[in-house]
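Structure first, commentary second.
The values are calculated or read from the model by the stated rules, or taken from the named source; none is laboratory data. The structure presented is a predicted model; accordingly, all values stated were derived computationally and were not measured. Counting neighbours? That spans all protein chains shown, and the Cβs are built from the backbone with ideal geometry, glycine included. We work out accessible area using only protein heavy atoms, side chains counted, and drop any ligands, DNA or RNA first. Shrake-Rupley method; radii C 1.70, N 1.55, O 1.52, S 1.80 Å.
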Amino acid sequence: MGSVKSIPSPAISTDDRSHEVDHPSSQVMRFGADQPLRLDCGIDLSPFQIAYQTYGELNADRSNAVLICHALTGDQHVANVHPVTGKPGWWETLVGPGRPIDPKHYFIICSNVIGGCMGSTGPASINPATGKVWGLDFPVITIPDMVRAQAMLIDRLGIDTLFAVVGGSMGGMQVLQWTAAYPARVYSALAIACSTRHSAQNIAFHELGRQAVMADPDWHNGGYADRGIHPHRGLAVARMAAHITYLSDAALHRKFGRRMQDRELPTFSFDADFQVESYLRYQGSSFVERFDANSYLYLTRAMDYFDIAADHGGVLAKAFAGIKTRFCVVSFTSDWLFPTSESRALVHALNASSARVSFAEIETDRGHDAFLLDVPEFFDISRAFLQSAGKARGLDGKGG
């Protein structure tokens, strides 16, 4: 009979993760009942808080602020050691000393999105009205809601115009929403591996992940926190499925092929015989150490609802009419989650709006996750774009 090995429980306790939810290891901006966040679903969220990190110094005329927007499973710890996992910042390839976004030249801000689980108010946070975890009582949020909250943070920091807004994937969606909602506040925008709307295929993959979470008996209709448990198996499977979409067939073949994991022959069981199986199980089990299952449901739903054209009478170009922001749009040849065709549609809309836009399709077999990896051509393009915008902005030619 074949043996069965499921995904192990997370090595990090629920207490470590839940502590970060309301008491994050980063700066926190709190907004009281007098400053509610107006949500697209019609609810005013208050009080609420935004957890964020900053790097570098704001210059005298406050013109060098760069906002980094994180992707689905990211957080505010873009360029510092993660307080839960102890791993390096998630975008240290792009952000940091000597990198294209260098704290020596820029005041860099990265906030955890509303609905997240690393200190900004979300379903894992305590609902002040009940004293219990929000769970599914938390209102459904959208990408525009996330950006509205970020704008309130930027206001509180005393910054009128952002020199650049930068992000990939869900972060790229936030970049585009910033330019559509606050065009006068964004001098330059670097939108990477993203789209102006989520495709049917992407919604389908997200639904697969949500159903995996909800099928876990420990989910308890979102009420697992009250029972002191976490649906780690369902969330791990959701992460495994999503992680496949972040890679490419060529990358998986190059990295693993059909190679066995620490064995010469098949075990004739359901253990992880293949290296790719072992890798996916590791990705799943390590993810649940730092992420909340309900947050995953809320953030994937926010991505699914995203559709800039729908908010502008179905005409994408209308969203960017008369915009002065400088755009750089980047896609990767092997990204099938947000393929180059999506970026081209955005560039065509920007051209129709007479916007200033540069576009680069970078050849790589690393798939969607290429924007997080060591891809020198991507760094060169990012550096050149920011340096050029910096000169036009009068930042003394500084730009990493």
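Would you call Ala272 more than 22 Å from the chain's Cα centre (by Cα), in contact (Cβ under 8 Å) with a residue 24 or more places away in the chain, on the phi < 0 side of the Ramachandran plot and assigned to a loop (DSSP other than H, G, I, E, B)? In short, yes.
For region 331-373, the set of residues classified as within 18 Å of Leu72 (Cα to Cα) and among the aliphatic types (A, V, I, L, M) consists of Leu337, Ala370, Leu372, Leu373, listed by residue number. Looking at this structure, is Ala184 in contact (Cβ under 8 Å) with a residue 60 or more places away in the chain, of a type in the set (Gly, Ala, Ser), touching a Leu at 6+ places or on another chain (Cβ under 9 Å) and within 24 Å of Phe107 (Cβ to Cβ)? For Ala184, the condition - in contact (Cβ under 8 Å) with a residue 60 or more places away in the chain, of a type in the set (Gly, Ala, Ser), touching a Leu at 6+ places or on another chain (Cβ under 9 Å) and within 24 Å of Phe107 (Cβ to Cβ) - is not met. If you go through region 227-246 one residue at a time, do you hit one that is in contact with a Lys or Arg (Cβ under 8 Å, 6 or more places away or on another chain) and at pLDDT below 95? Looking through region 227-246, none of the residues is in contact with a Lys or Arg (Cβ under 8 Å, 6 or more places away or on another chain) and at pLDDT below 95. If you check Val315, Val288 for being among the aliphatic types (A, V, I, L, M), out of contact with any Gly (no Cβ under 8 Å at 6 or more places or on another chain), farther than 30 Å from Arg393 by Cα and open to solvent by 30 Å² or more (accessible area, probe 1.4 Å), only one passes: Val315. Annotation note: Cβ proximity below 7 Å between a residue of region 323-349 that is without any contact (Cβ under 8 Å) to a residue 24 or more places away in the chain and open to solvent by 10 Å² or more (accessible area, probe 1.4 Å) and a residue that is not aliphatic (A, V, I, L, M) and not in a loop (DSSP other than H, G, I, E, B) (sequence gap 6+ or interchain) occurs for Thr340/Ser331; Thr340/Glu361; Val347/Phe359.
Scanning region 354-374 for residues that are in contact (Cβ under 8 Å) with a residue 40 or more places away in the chain and out of contact with any Gly (no Cβ under 8 Å at 6 or more places or on another chain) gives Asp365, Arg366, Gly367, His368, Asp369, Ala370, Leu373, Asp374. In region 128-135, the count of residues that are more than 20 Å from Pro83 (Cα to Cα), open to solvent by 10 Å² or more (accessible area, probe 1.4 Å) and assigned to a helix (DSSP H, G or I) is zero. In region 32-43, the residue that is least open to solvent (accessible area, probe 1.4 Å) out of those that are more than 22 Å from the chain's Cα centre (by Cα) and not charged (D, E, K, R) is Gly32. Residue count for region 355-365, restricted to those that are surrounded by fewer than 21 Cβ atoms within 10 Å (Cβ to Cβ) and either aromatic (Phe, Trp, Tyr) or not in a loop (DSSP other than H, G, I, E, B) (or both): 5. Look at region 97-109: where a residue is within 14 Å of Asp380 (Cβ to Cβ) and a partner is of a type in the set (Gly, Ala, Ser) and part of a loop (DSSP other than H, G, I, E, B), sitting 6+ places away or on another chain with Cβ atoms under 6 Å, you get Pro100/Gly400. Considering only region 293-306, I want to know if a residue exists there that is open to solvent by 20 Å² or more (accessible area, probe 1.4 Å) and more than 19 Å from the chain's Cα centre (by Cα). The answer is no, given that none of the residues of region 293-306 is open to solvent by 20 Å² or more (accessible area, probe 1.4 Å) and more than 19 Å from the chain's Cα centre (by Cα).
Restricting region 329-352 to residues that are of a type in the set (S, T, N, Q) and touching a strand residue (DSSP E or B) at 6+ places or on another chain (Cβ under 7 Å), the residue that is farthest from Val165 (Cα to Cα) is Thr333. The set of residues in region 226-249 being under 25 Å from Ser334 (Cα atoms), open to solvent by 50 Å² or more (accessible area, probe 1.4 Å) and touching a residue at least 60 places away in the same chain (Cβ under 8 Å) consists of Val237 alone.
Of all residues in region 366-394, those satisfying the criterion of being buried (at least 17 other Cβ atoms within 10 Å of the Cβ) and either within 27 Å of Ala242 (Cβ to Cβ) or in contact with a helix residue (DSSP H, G or I) (Cβ under 8 Å, 6 or more places away or on another chain) (or both) are Arg366, Gly367, His368, Asp369, Ala370, Phe371, Leu372, Val375, Phe378, Ile381, Ser382.
Report, by residue number, each residue of region 325-354 that is among the acidic types (Asp, Glu) and assigned to a loop (DSSP other than H, G, I, E, B).
Across region 325-354, the qualifying residue is only Asp335.
A count restricted to region 134-164 and to residues that are more than 28 Å from Ala293 (Cα to Cα) and among the β-branched types (Val, Ile, Thr) stands at 3.
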